[in-house]
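Undergrad: I'd like to ask you about the structure that follows.
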Amino acid sequence: MAHQRVLLAVTGGIAAYKIPELVRALRAEGHTVRCAMTPAATRFVSPLVLQTLSGQAVRSELFDPAEEGEIDHIALADWADAVVVAPATANVLARMAHGLADDLVTTLLLATRAPVLVAPAMNVNMWDHAATRANVELLRARGVAFVGPEAGWLACGWEGEGRMASPADIAEATLQVMGPRSLQGETVLVTAGGTREPVDAVRALTNRSSGKMGYAVAREAARRGARVVLISGPSALETPGGVERVDVESAVEMRDAVFKALPDATVVVMTAAVADFRPAQAAARKIKKEDLAEEEGLTLELVRNPDILASLAEQPGERVVVGFAAESHDVVEAARRKIERKRCDLLVANDVSRAGAGFDSDTNAVWFVWPGGDVEELPLLSKAEVAGRILDRVEKLREERG
Ligand code: CTP
């Protein structure tokens with residue numbers, strides 16, 4: 001996405017102390033950030049800090065000739081590609097809902113035509129109050145996007161919903177409101193990571209998949225406005241903002257989770273490295289050497305796991321299905337055979353033996369293999385870029401099928 005201009009409106013809540021981190025997160029994405037503050041906000045976080053981190057003058061007064069001389073409030077409202085209100089107090093939500101323009105921040109919010117994202121932060125009882133609920137509903141109905149609040153310990157001493165979303169999640173949600181929205185209305189189901197097949201109470205069979213490719217697809221789909229369900233094997237990665245994650249361990253659990261989410265899905269992208277076999281029996285207790293004869297080895301009997309991707313073809317419903325193929329040799333030929341077997345709409349094949357591709361790498365070199373055998377080779381790209389290319393094709397297929 002091209003670098004964008006974000007107007008960050010800061011209102012007076014204790015969570016304002018996290019805003020310098022948000023400015024850094026937004027700038028790390030390449031955005032230009034300008035901050036506008038309510039007078040109350042300046043008591044929680046110093047304008048000088050925000051000015052230094054944003055590299056731009058900070059505005060807080062509507063009627064200050066010097067501030068207006070630099071950039072007047074209408075020019076500032078027009079300048080923004082997105083307006084982010086963080087933290088958003090109950091008071092600013094009420095003023096937004098009623099269209100008040102009694103300070104710089106609310107005037108900007110009334111004047112802007114850019115998408116608005118709000119990150120509320122307040123005491124749980126203020127958040128639960130009927131007045132706040134009604135204001136939030138009204139703002140949502142007008143198209144204002146929300147991120148958070150989260151539940152947890154609040155600075156006021158109460159526990160409950162009201163904590164501002166993390167700066168990373170707000171930055172991600174900002175990308176989503178500015179994104180192309182080309183997958184709006186779609187539900188994208190993504191499988192990611194490797195599965196873990198229990199051997200006994202403490203051991204498991206697994207593989208080296210990190211989940212990076214699937215998480216990149218999930219993040220990009222959410223940025224394009226889709227509802228995203230990410231079914232993930234064990235992974236150390238953070239859930240991308242706005243994505244619904246379902247954690248599973250074994251292939252059987254993954255299949256059950258996929259089938260549960262399938263009726264809503266219009267797009268399925270199966271990046272997971274599913275174990276093809278599992279131990280016929282998982283011992284409930286730890287297998288102990290002392291139970292074996294001296295020097296005796298251990299033979300595990302493995303049975304086949306269900307092939308989740310192949311079984312999708314039999315499921316009723318219209319959806320675009322993208323499969324992956326991890327190959328270590330004869331990549332293209334193996335992938336051509338695989339797409340016939342798995343009957344998906346696109347197979348993304350990667351050579352896991354190649355440096356800079358496959359498991360745990362941040363980049364990937366893939367081929368798109370189409371039903372019928374047509375092949376397209378992509379250059380070495382970041383997994384985020386590969387995710388974008390896949391979803392471009394998915395969008396085209398959805399369009400062709402009306
Ligand atoms: N897959 C699946 N269920 C399985 C095995 C694989 O859904 N039990 C999916 C993967 O998520 C991937 C595709 O099938 O989208 C191909 O996976 P891959 O491991 O390359 O192929 P396999 O079917 O396991 O075939 P092989 O290991 O023999 O190459």
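The values are calculated or read from the model by the stated rules, or taken from the named source; none is laboratory data. Being a predicted model, the structure only gives us computed values, none of them experimental. Cβ: placed from backbone, ideal geometry, glycine included. Neighbour counts: every protein chain shown. Surface areas here come from the heavy atoms of the whole protein model, side chains and all, with no ligands, DNA or RNA. Shrake-Rupley method; radii C 1.70, N 1.55, O 1.52, S 1.80 Å.
Undergrad: Taking into account only those residues within segment 134-190 that are of a type in the set (Asp, Glu) and closer than 18 Å to Ala88 by Cα, which is most open to solvent (accessible area, probe 1.4 Å)?
TA: Checking each candidate, the answer is Glu137.
Undergrad: Where in segment 96-178 are there strands (runs of 3 or more DSSP E), lying fully within it, with 2 or more residues that are free of Cβ contacts under 8 Å to residues at least 60 places away in the same chain and more than 26 Å from Leu237 (Cβ to Cβ)?
TA: Answer list for segment 96-178: 116-120, 159-163.
Undergrad: Turning to a different aspect of this structure: Contact list please: Cβ distance under 9 Å, first residue in segment 330-346 and assigned by TED's automatic domain parsing to the domain that holds Arg393 and under 10 Å from Val369 (Cα atoms), second residue away from the ligand (no atom under 11 Å from the Cβ) and in a helix (DSSP H, G or I), pairs at least six apart or on different chains.
TA: Pairs found: Asp345/Arg393; Asp345/Val394; Asp345/Leu397; Leu346/Ile390; Leu346/Arg393; Leu346/Val394; Leu346/Leu397.
Undergrad: So is Glu253 farther than 15 Å from Gly323 by Cα, in a helix (DSSP H, G or I) and either within 16 Å of the ligand (Cβ to nearest atom) or of a type in the set (D, E, K, R) (or both) or not?
TA: Here the answer is yes, as Glu253 does meet what is asked.
Undergrad: Restricting segment 302-314 to residues that are open to solvent by 70 Å² or more (accessible area, probe 1.4 Å) and either basic (Lys, Arg) or part of a strand (DSSP E or B) (or both), which is farthest from the ligand (Cβ to nearest atom)?
TA: Restricting to residues being open to solvent by 70 Å² or more (accessible area, probe 1.4 Å) and either basic (Lys, Arg) or part of a strand (DSSP E or B) (or both), the top hit is Leu302.
Undergrad: In segment 274-281, is there at least one residue being within 29 Å of Gly179 (Cβ to Cβ), away from the ligand (no atom under 12 Å from the Cβ), touching a residue at least 40 places away in the same chain (Cβ under 8 Å) and outside any loop (DSSP other than H, G, I, E, B)?
TA: Among the residues of segment 274-281, not one is within 29 Å of Gly179 (Cβ to Cβ), away from the ligand (no atom under 12 Å from the Cβ), touching a residue at least 40 places away in the same chain (Cβ under 8 Å) and outside any loop (DSSP other than H, G, I, E, B), which makes the answer no.
Undergrad: Among the residues of segment 320-341, which ones are within 10 Å of the ligand (Cβ to nearest atom) and open to solvent by less than 40 Å² (accessible area, probe 1.4 Å)?
TA: Scanning segment 320-341 gives Val321, Val322, Gly323, Phe324, Ala325, Glu327, Ala334, Ala335, Lys338, Ile339.
Undergrad: Name every residue in segment 29-47 that is more than 18 Å from Thr11 (Cβ to Cβ) and open to solvent by 50 Å² or more (accessible area, probe 1.4 Å), in order of residue number.
TA: Passing the criteria: Glu29, Thr32.
Undergrad: Please give the number of the condition Gly297 fails out of (1) more than 36 Å from the chain's Cα centre (by Cα); (2) open to solvent by 80 Å² or more (accessible area, probe 1.4 Å); (3) not aliphatic (A, V, I, L, M).
TA: Exception for Gly297: condition (2).
Undergrad: If only one of Gly388, Gly317, Gly373 is more than 16 Å from the ligand (Cβ to nearest atom), farther than 25 Å from Arg224 by Cα and in contact (Cβ under 8 Å) with a residue 24 or more places away in the chain, which one is it?
TA: On inspection, the qualifying residue turns out to be Gly373.
Undergrad: Follow-up question, since we're still on this one. Looking at (1) surrounded by fewer than 24 Cβ atoms within 10 Å (Cβ to Cβ); (2) modelled with pLDDT of 95 or more; (3) away from the ligand (no atom under 14 Å from the Cβ); (4) not in a strand (DSSP E or B), which is the one condition that is false for Arg245?
TA: So the condition that Arg245 fails would be (4).
Undergrad: Hey, another quick one. Of the numbered conditions (1) part of a strand (DSSP E or B); (2) surrounded by fewer than 24 Cβ atoms within 10 Å (Cβ to Cβ); (3) not β-branched (Val, Ile, Thr), Leu230 fails exactly one; give the number of that condition.
TA: Single failed check for Leu230: (2).
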